[in-house]
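Worksheet for the structure shown next.
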Amino acid sequence: TLAGVAPAPRALADTRRATMAKTIVGALAPLVAARARASDGVVIVEETVGRGVEVLAGVDVVKVNYTVALASSKARVDSAKFFVFGVGAGEVVEGFDAIVGGDGATPPMRVGGARKAVVPAGLAYGDRGAGCDKTGNACSIPPGEDLEFTVELLEVK
C-alpha cells in the first residue's frame, strides 16, 4: 500500500484469506504429521501428503525410495532408491503394500508423498525372519520382528 492510502477492499480480503489459510495450514500440519492410523495392524504416519497421481493397488507399478529398520533396535536392515514394484501383486511383504496402496482404513499414497510406518511381523516376515544363514540363525531380520519403514513415492508408472 502507498503511505496514507488504504488498500482496496478486494485486496484486503485476499490478504486476509491468504493469512488465514497460512494460519490454518500451519496449525494443522503438526496434527496431520503426528496422526497415526491403524491399517490391518500397520501403523502409518503421513509425513508428507502427495499431490500427484494416487496409487491404484492391483493395477499400478510404482517407483519408491525406502528404508527398513528393526523396530526393536532401530538398526537399518534394508534400503533402496528408485525401487520398482507392482502394488498388490505380492512382490513385497503385505505391510509394504498396505503402506503404499492403502486399504480400507488408509488411503493410497500419492506421488510426492512420504510415510513412516510400523509393520507387525505378521505382515512382514513373520516367524521365519529373513536374511538368515543356512542354519536358520543370525538373521538380518529376526523371526517375529516388527519393522519400521520410511517410504517416499516417486512415480506411478
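Kindly establish whether A69 is touching a residue at least 12 places away in the same chain (Cβ under 8 Å), more than 18 Å from V55 (Cβ to Cβ) and more than 15 Å from the chain's Cα centre (by Cα).
On the way: touching a residue at least 12 places away in the same chain (Cβ under 8 Å): yes; more than 18 Å from V55 (Cβ to Cβ): yes; more than 15 Å from the chain's Cα centre (by Cα): no.
In short, no.
If the condition is being of a type in the set (S, T, N, Q) and closer than 17 Å to V87 by Cα, then segment 40-66 contributes only N65. For segment 104-157, which positions are of a type in the set (S, T, N, Q) and either assigned to a strand (DSSP E or B) or open to solvent by 50 Å² or more (accessible area, probe 1.4 Å) (or both)? Within segment 104-157, T135, N137, S140, T150 qualify.
All conditions but one from (1) more than 18 Å from A124 (Cβ to Cβ); (2) at pLDDT 95 or above; (3) open to solvent by 20 Å² or more (accessible area, probe 1.4 Å) apply to V55; the one that does not is (3). Pairing each residue of segment 139-157 that is without any contact (Cβ under 8 Å) to a residue 40 or more places away in the chain with any residue that is assigned to a loop (DSSP other than H, G, I, E, B) and buried (at least 18 other Cβ atoms within 10 Å of the Cβ), provided the two are 6+ apart or on different chains, yields C-beta distances under 6 Å for C139/G129; P143/G129. Can you name every residue in segment 109-143 that is more than 11 Å from the chain's Cα centre (by Cα), small (G, A, S) and over 16 Å from V42 (Cβ atoms)? Within segment 109-143, G129, A130, G131, G136, A138, S140 qualify.
Each row is one residue, and each column tells you yes or no for (1) at pLDDT 95 or above; (2) over 13 Å from V62 (Cβ atoms).
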position: F85; (1), (2): yes, no
position: V100; (1), (2): yes, no
position: G104; (1), (2): no, yes
position: P108; (1), (2): yes, no
position: Y125; (1), (2): yes, yes
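Take the residues of segment 72-103 that are touching a Pro at 6+ places or on another chain (Cβ under 9 Å), assigned to a loop (DSSP other than H, G, I, E, B) and touching a residue at least 40 places away in the same chain (Cβ under 8 Å): which is least open to solvent (accessible area, probe 1.4 Å)?
Kept after step one, since they are touching a Pro at 6+ places or on another chain (Cβ under 9 Å), are these residues of segment 72-103: 72, 87, 95, 100-102.
Subsequent filtering for residues that are assigned to a loop (DSSP other than H, G, I, E, B) retains 72, 87, 102.
Subset that is touching a residue at least 40 places away in the same chain (Cβ under 8 Å): 72, 102.
On the way: S72: 91, G102: 18 Å².
This residue is G102.
The values are calculated or read from the model by the stated rules, or taken from the named source; none is laboratory data. Quick caveat, the model's predicted, so the values are computed rather than measured. Please note: Cβ atoms are built from the backbone with ideal geometry, for glycine as well, and neighbour counts cover all protein chains shown. Quick note on the areas: whole protein, heavy atoms, side chains included, nothing else; ligands and nucleic acids left out. Shrake-Rupley method; radii C 1.70, N 1.55, O 1.52, S 1.80 Å.
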